[in-house]
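Enquirer: Please find one structure pasted underneath; my questions will follow.
The values are calculated or read from the model by the stated rules, or taken from the named source; none is laboratory data. These figures come from a predicted structure and were not determined experimentally. Ideal geometry is used to build each Cβ from the backbone, glycine not excepted, and the neighbour counts take in all protein chains shown.
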Amino acid sequence: MTGFVAPIDDILFALRHVADAARVEDWDDALASDILGHFGQFAEGVLAPLNSVGDTQGARLVDGRVIMPDGFGDAYAQLAEGGWQGLRAPENFGGMKVSALVAAGVSEVFSGANHSLQMVCGLVPGAIETLLHFGTQAQQDEWIPRLASGEVLSTMCLTEAGAGSDLSAIRCKAVRDGADWRLEGEKIFISGGDQDMSKGILHLVLARSGTAEDGLKGLSLFLCRGDDGVQVTRIEEKLGLHASPTCQLAFQGTHAELVGAEGDGLRAMFTVMNHARLDVALQGVAHAARAAQIARGYAQERVQGRRKDGAPAKLSDHVDVQRMLAEQDALAVGARAMCHVAFVELECGTRPDLVAFLTPLCKVFGSEAGIKAADLGIQILGGYGYLNEYQMGQIWRDARITSIYEGANGIHERSIATRGLKGPGADQFAELIRELGGGSDKLMGALADWEAWRDRLRTSDAAEYEAHDFAQATARLFFRACLAKCAAVADRHPEPARIKALAERVLSS
Ligand SMILES: Cc1cc2nc3c(=O)[nH]c(=O)nc-3n(C[C@H](O)[C@H](O)[C@H](O)COP(=O)(O)OP(=O)(O)OC[C@H]3O[C@@H](n4cnc5c(N)ncnc54)[C@H](O)[C@@H]3O)c2cc1C
């Protein structure tokens, strides 16, 4: 099977030439290329070989502690030693403070190599950011250096048995205890709720400091130490991500510190929402790229059937296989471009309404791109795709959660078609489509149709009923515009013919 190859050229192409990363103040082109190159090597040599080990062994709960699969502890030690956990942390806290765009590229590579391990390590930048915005100086001083060095990993504890998509139903109770607080209750589905790789765990917990009637306003954010009365009561058996321990945690009078203001928990937790959602979109991109890589390698070797000239055919000689390979590739390249365009807007900070409109589009399209490309990969490999040997099944199983967590896609679709159309973001989206794909008459025709639909929904009482179709069409328009831009700058890519061909295929459909 084709070993994991980090798609560094594709990532740098999207960042530099499609999304124009140079617009962002802290973008350093040479440094970006250097960091991504180094991380790519690490991912290929250390993280990716553990991906199927993790899938087969899974994380286990033994005597109340989670044991990670073989090799994960060593890989994590190398990750921490390399400073990768502190990539985004400020230098005065021991971090490297590299651009968020570079960190996004690193995160994609990590997910493509080993999504399970990325899940357990990937919450740290968000925890650091939350502490920087809402933590006291003492909390920052105590935790950020330890998070940045890898001594501590972090979790995000929101979900409860009765509170999944609807966080207003959270019941985990926070009660004052002198200057601090005690937590009482249970959280479920907590990624990395325990593991045996880092010395400590910092839990960021959303709990009810007010009454049930206060709804979301009664929620506050707390931090707890993993070794201070947080019990792991079970880990879930799952479809995929077997090496990412999804834990049920019990808080029984657990000591906690308030982070930020009382009643401001949701705002604190969601500070990093745009980044987190774009990161999930990039998990989808990572799966699409990896599925395309494996399928391409296999299709170029497997001999089945005959070509028109009678010679033995490779799978890649068959027109329908070429269609599927091109679709996978286009999904990865186009969805990545969407994410980076959104990331650059986010980092520039000049069009926040546009960012709010683009983020759910990327989350929906990116996550579905990963699942779809893995599904196509299974088809391309035929019966071998259905076996474990080529990892296509694992990619599909691991990718499948991305359309559910960080807000189920249906919820994002509704917000695109309702709240998303209220502000200026939807008008700025139309401007963006012109900026990206202005050269294509076909795309401009599609944009005109979309604008008419947008204007009709703006005054409709029933927009929710069209939300899925509208959001899908909106995301598709963004995808096509990004591919138009890819085609326009394809000569800057090491494989211009590949980029032009896949863009042409999508734009002509
Ligand atoms: C592998 C994994 C890792 C996870 N990691 C974490 C973690 O680290 N921390 C954490 O706190 N949680 C975590 N979760 C939980 C995850 O965020 C929730 O599963 C998710 O929020 C959905 O909640 P639910 O499962 O209760 O589904 P429900 O809320 O019951 O929703 C089920 C489905 O109903 C639909 N739906 C629900 N509400 C609406 C609505 N208002 N409008 C339209 N459609 C709706 C959606 O299609 C949704 O998929 C994880 C889950 C898994 C499986």
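Enquirer: Which one is nearest to the ligand (Cβ to nearest atom) among residues in the range 387-421 that are in a loop (DSSP other than H, G, I, E, B) and farther than 19 Å from SER111 by Cβ? Lay out the reasoning, then the answer.
Expert: Residues of the range 387-421 in a loop (DSSP other than H, G, I, E, B): 387-391, 404-408, 418.
If we keep only those that are farther than 19 Å from SER111 by Cβ too, we end up with 387-389, 408, 418.
Details: LEU387: 24, ASN388: 20, GLU389: 24, ALA408: 3, THR418: 11 Å.
The selected residue is ALA408.
Enquirer: Of everything in the range 177-197, what is out of contact with any Cys (no Cβ under 9 Å at 6 or more places or on another chain), modelled with pLDDT of 95 or more and among the charged types (D, E, K, R)? Give them in sequence order.
Expert: ARG182, ASP196
Enquirer: Does any residue of the range 216-225 turn out to be in contact with a strand residue (DSSP E or B) (Cβ under 8 Å, 6 or more places away or on another chain), without any contact (Cβ under 8 Å) to a residue 40 or more places away in the chain and assigned by TED's automatic domain parsing to the domain that holds VAL175? Reasoning before the result, please.
Expert: Keep residues of the range 216-225 that are in contact with a strand residue (DSSP E or B) (Cβ under 8 Å, 6 or more places away or on another chain), which gives 218-225.
Filter once more, so that each one left must be without any contact (Cβ under 8 Å) to a residue 40 or more places away in the chain: 225.
From what's left, assigned by TED's automatic domain parsing to the domain that holds VAL175: 225.
Among the residues of the range 216-225, at least one is in contact with a strand residue (DSSP E or B) (Cβ under 8 Å, 6 or more places away or on another chain), without any contact (Cβ under 8 Å) to a residue 40 or more places away in the chain and assigned by TED's automatic domain parsing to the domain that holds VAL175, which makes the answer yes.
Enquirer: Related question: State all residues of the range 481-509 that are exposed (fewer than 14 other Cβ atoms within 10 Å of the Cβ) and either modelled with pLDDT under 95 or not in a helix (DSSP H, G or I) (or both); if no residue qualifies, say none.
Expert: PRO494, GLU495, SER508, SER509 - these are the residues of the range 481-509 that are exposed (fewer than 14 other Cβ atoms within 10 Å of the Cβ) and either modelled with pLDDT under 95 or not in a helix (DSSP H, G or I) (or both).
Enquirer: Given the criterion more than 25 Å from ALA330 (Cα to Cα) and among the basic types (Lys, Arg), identify the matching residue among LYS442, LYS500, LYS422.
Expert: Only one candidate qualifies: LYS422.
Enquirer: Follow-up question, since we're still on this one. Any idea how many residues of the range 64-79 are in a helix (DSSP H, G or I) and crowded, with 19+ Cβ neighbours inside 10 Å?
Expert: Summing the residues that are in a helix (DSSP H, G or I) and crowded, with 19+ Cβ neighbours inside 10 Å in the range 64-79 gives 4.
Enquirer: For the structure I just gave you, tell me whether PRO424 is in contact (Cβ under 8 Å) with a residue 24 or more places away in the chain, away from the ligand (no atom under 16 Å from the Cβ) and either more than 25 Å from ILE371 (Cα to Cα) or in contact with a Ser or Thr (Cβ under 8 Å, 6 or more places away or on another chain) (or both).
Expert: yes
Enquirer: Residue pairs, Cβ under 8 Å, 6 or more apart or interchain, first in the range 158-177 and exposed (fewer than 14 other Cβ atoms within 10 Å of the Cβ), second of a type in the set (Asp, Glu) and outside any loop (DSSP other than H, G, I, E, B). List them.
Expert: ALA161/GLU186; VAL175/GLU184
Enquirer: Residues that are within 12 Å of the ligand (Cβ to nearest atom): find the strands (runs of 3 or more DSSP E) completely inside the range 159-266 holding 3 or more of those.
Expert: Output list reads 180-191, 200-208, 246-259.
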